[in-house]
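Enquirer: Dropping a structure here in structure tokens format, bear with me for questions.
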Amino acid sequence: MSIDTLKDRLPDYARDLKLNLSSLASEQLLGPQQKAGSFIAAALAANHAPTTQAVVAAFAGELAAEALNAVKIAASLMAMNNIYYRFVHLVPVSDYKTLPAKLRMTAMAKPGVDKTDFELWSLVVSAVNGCGMCLEAHEKVCREHGLSAEQIQAAVRIAATVHAVARTLAAEEALVPAALDRAA
């Protein structure tokens with residue numbers, strides 16, 4: 001499934017999502033690897049198989065095997081870290097802020113790609129998962145490594161749009177059995 005097929009599956013009320021997918025797919029602020037990885041990281045975080053399959057089909061060719069693996073590392077580790085650090089951030093008990101996480105994250109040290117790209121993909125996943133603490137940390141590192149506010153915003157726009165597409169398609173899939181039941 002391609003991005004065009006994915007867009008075709010979106011209902012008419014999601015026209016803005018279709019347009020956003022098109023414009024973001026041709027986004028020039030990010031390098032090809034950064035953009036492709038951002039799309040795939042967002043799709044993995046959004047956790048909707050048809051969306052992930054379409055995004056991977058459209059963008060995996062832009063990534064070397066090591067880069068695709070790094071995107072998967074970012075998505076899997078951020079799935080864990082976003083839950084843990086969102087808890088630490090939201091629970092107003094200072095003890096948790098000083099306790100060591102005791103969660104293995106060694107793959108982050110050598111993900112197989114440039115640190116800037118890995119941090120950007122970690123930021124994308126953190127945006128989808130809504131972890132403010134992780135967003136702040138990864139945004140800071142991205143800026144320290146030379147990414148502009150506009151580049152970071154482009155990656156987060158990809159995250160927002162891919163997430164919205166996944167949610168919209170999942171909702172439409174959930175509505176199909178209800179519509180069939182009413183028709184019967």
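All of the numbers you see were taken from the coordinates with simple rules; none came from a lab. Please read all numbers here as calculations on a predicted model, not as lab measurements. Note that each Cβ is placed from the backbone with ideal geometry, even for glycine, and that neighbours are counted across all protein chains shown.
Enquirer: What Kirkwood Rh does segment 1-93 have if only Cα atoms enter the pairwise 1/r average? Answer in Å.
Expert: One decimal place: 14.5 Å for the Kirkwood radius.
Enquirer: Fewest Cβ neighbours within 10 Å first, please rank S94, S2 accordingly. List each step's numbers first, then the result.
Expert: Details: S94 8, S2 11.
By the 10 Å Cβ count, ascending: S94, S2.
Enquirer: Ok, one more. Within segment 104-132, which residues have the backbone N less than 11 Å from the label spot 7 Å out from L90 along Cα→beta-carbon, could you tell me?
Expert: Residues passing the 11 Å test: 130-132.
Enquirer: Regarding segment 3-183, what's the average projected area of the Cα-atom convex hull, expressed in nm²?
Expert: Orientation-averaged projected area of the Cα hull: 12.1 nm².
Enquirer: Counting only other residues whose beta carbon sits under 12 Å from that of C134, what net charge do I get with K and R as +1, D and E as -1?
Expert: Its environment carries a net charge of -1.
Enquirer: Sticking with this structure for a sec: Show which lysines lie in cross-link reach of K110 when reach means a straight Cα distance below 28 angstrom and same-chain residues fewer than eight apart are skipped.
Expert: Once the sequence-local lysines are set aside, what remains near K110 is K35, K72, K97, K102, K140.
Enquirer: Can I ask one more? When a footprinting reagent is the concern and you count Cβ atoms within 10 Å, what order do L63, L103, L123 take, fewest first?
Expert: Numbers: L63 20, L103 11, L123 27.
Ranked by crowding around the Cβ, least crowded first: L103, L63, L123.
Enquirer: Add +1 for every Lys or Arg and -1 for every Asp or Glu among the other residues with Cβ under 15 Å from the Cβ of L10, and state the total.
Expert: For residues surrounding L10, the net value is -1.
Enquirer: With an 8 Å cut-off on Cα pairs and a minimum separation of 6 or more residues, tell me the relative contact order of the chain in percent.
Expert: After rounding, I find 32 percent.
Enquirer: Between segment 120-172 and segment 18-68, how many Å separate their Cα centres?
Expert: Taking the Cα centre of segment 18-68 as reference, the centre of segment 120-172 is 12 Å away.
Enquirer: Taking neighbour Cβ counts within 10 Å as the exposure measure, how do V55, V176 sort from fewest upward?
Expert: Going from sparsest to densest Cβ surroundings: V176, V55.
Enquirer: Here's something else I'd like to know. Mind checking which lysines have their C-alpha under 16 Å from K18, skipping anything on the same chain fewer than 8 residues away?
Expert: Cross-link targets: K7.
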